[in-house]
Each structure stands twice: as C-alpha cells, then as structure tokens.
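These notes are about the structure you will find just below.
The values are calculated or read from the model by the stated rules, or taken from the named source; none is laboratory data. Note that the structure is predicted; figures quoted are calculated from it, not measured. Reconstructed Cβ throughout: ideal geometry from the backbone, glycine too, with neighbour counts over all protein chains shown. Only protein heavy atoms, including side chains, enter the accessible area calculation; ligands, DNA and RNA are left aside. Shrake-Rupley method; radii C 1.70, N 1.55, O 1.52, S 1.80 Å.
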Amino acid sequence: ALSEDDRGGRVQVVGGFGGIGKTELAVAYAREHADRYRDGCVFYNFQSYAGSPESSDQALVKILPTIRDDFTSLAVEQLSAAGRLSAWQESTAGRSLLMVWDNVKSVDQIEALLLRQQGCATIVTTRDHLDLGERSAPLWLDALDPDSARALFTGIAGEGHDEAAVERLLEADL
C-alpha cells in the first residue's frame with residue numbers, strides 16, 4: 001500500500017490487539033524504507049490506550065520544534081492551534097516524509113496531520129477500526145495459528161527442543 005505510485009498521501013492502517021506487534025512492524029518498515037523518504041520520518045505516539053488520548057494539536061506542540069530549526073518549543077507553544085496547523089502545513093509542503101502515527105484511537109486525532117502530497121506516506125497503528133477512506137487499506141494482525149507459531153519458533157530457535165516445553169510455550173503465547 002505504501003509503494004511508489006502516482007497517488008499522493010498513501011496511508012496504511014495497521015490494527016490489532018495490544019502487544020501483537022503493530023508498532024514494531026511500523027518501525028521496521030520505517031527503518032527498512034527510510035531511503036524512500038528523502039526528508040525523513042516522523043514518529044509520534046498518541047498514547048490513546050495508556051491514558052488520555054492526545055490530539056493533533058498536542059502532537060504538533062511536540063513535533064514542530066523537531067522538524068523546524070526556526071521554532072523553539074516555547075515559540076510553538078505560543079502559537080494558536082490554527083497557527084500550529086499552518087506551520088505544520090508549511091513545514092511539510094513539498095517534502096517527502098513518512099509519518100508513523102502510533103496508538104491512534106480516532107481519525108479525529110490525525111485527520112489534520114495527514115499528508116496528501118505525492119512522495120509522502122503515513123502508517124497508523126490502532127486497536128480500533130479506523131476508516132481513512134480510499135487512501136487506506138487496513139492490515140489487521142492477529143495471533144498465529146498453532147502450526148504457524150511452531151514454524152516461527154523452529155525458524156528462530158532451531159530444531160531439537162523438548163516437545164512438551166515447546167508445546168507449553170506455544171499454548172501460553174497463543
């Protein structure tokens with residue numbers, strides 16, 4: 001879904017229950033494909049499942065000073081919400097960026113931050129079903145079936161382990 005094409009603002013939602021590996025998958029993609037995004041990657045955890053979900057404006061207060069050399073944290077805080085959004089749009093215009101928005105509970109948290117220009121992409125991790133329209137094809141992660149889990153274990157740990165211990169491990173993990 002994030003491969004190069006003529007669409008602008010590609011989005012990939014990665015969903016599943018907590019701890020399944022959504023964030024790890026998003027970060028692994030960002031590391032593996034960083035060279036596709038000449039202007040870098042922005043990662044932000046909206047903390048929706050560990051307390052009070054953060055808004056796009058709260059995210060901008062923290063993000064803008066990291067992507068703009070001419071903005072201090074204090075200067076960003078002194079801007080209005082509309083001013084921060086305008087600065088975000090100005091800062092990202094014409095750039096090739098990968099956004100990783102982690103732990104998003106609601107489309108409202110990120111809608112204003114979505115980059116729609118060509119060369120940009122966004123990965124959204126969530127535990128909820130988010131509808132980001134045509135620009136998004138959700139990928140839902142789930143627990144492995146027992147045969148796949150055994151194959152994964154064997155692929156990592158090798159053959160020759162106590163079968164009863166392997167079975168207990170797989171049952172506990174599944």
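List of remarks:
- Top-ranked residue in region 1-38 [being among the polar types (S, T, N, Q) and over 11 Å from LEU98 (Cβ atoms); ranked as modelled with the lowest pLDDT]: SER3
- Residues being in contact with a strand residue (DSSP E or B) (Cβ under 9 Å, 6 or more places away or on another chain) and open to solvent by less than 60 Å² (accessible area, probe 1.4 Å) - total across region 58-77: 3
- Check on ALA82, assigned to a helix (DSSP H, G or I), closer than 26 Å to GLY40 by Cα and out of contact with any helix residue (DSSP H, G or I) (no Cβ under 8 Å at 6 or more places or on another chain): yes
- Qualifying residue in region 32-44 (condition: surrounded by fewer than 17 Cβ atoms within 10 Å (Cβ to Cβ), closer than 26 Å to LEU2 by Cβ and among the aliphatic types (A, V, I, L, M)): yes
- Count - residues of region 142-173 that are in a helix (DSSP H, G or I), exposed (fewer than 11 other Cβ atoms within 10 Å of the Cβ) and of a type in the set (Asp, Glu): 3
- Hey, ALA50 of a type outside the set (Val, Ile, Thr), in contact (Cβ under 8 Å) with a residue 40 or more places away in the chain, on the phi < 0 side of the Ramachandran plot and in a loop (DSSP other than H, G, I, E, B) or not: yes
- In region 72-101, the residues that are farther than 11 Å from LEU60 by Cβ form Cβ pairs under 7 Å with partners that are of a type in the set (S, T, N, Q) and open to solvent by less than 10 Å² (accessible area, probe 1.4 Å), at six or more places apart or across chains, as follows: MET99/THR122; TRP101/THR122.
- Residues that are part of a helix (DSSP H, G or I), of a type outside the set (A, V, I, L, M, F, W, C) and surrounded by fewer than 20 Cβ atoms within 10 Å (Cβ to Cβ) were ranked within region 93-126; the one that is nearest to the chain's Cα centre (by Cα) is GLU111.
- Test for LEU85: is it more than 20 Å from LEU139 (Cβ to Cβ), surrounded by 13 or more Cβ atoms within 10 Å (Cβ to Cβ), at pLDDT 95 or above and within 22 Å of the chain's Cα centre (by Cα): yes
- Here the condition is being at pLDDT 95 or above and crowded, with 16+ Cβ neighbours inside 10 Å; of SER80, SER55, it holds for SER55 alone.
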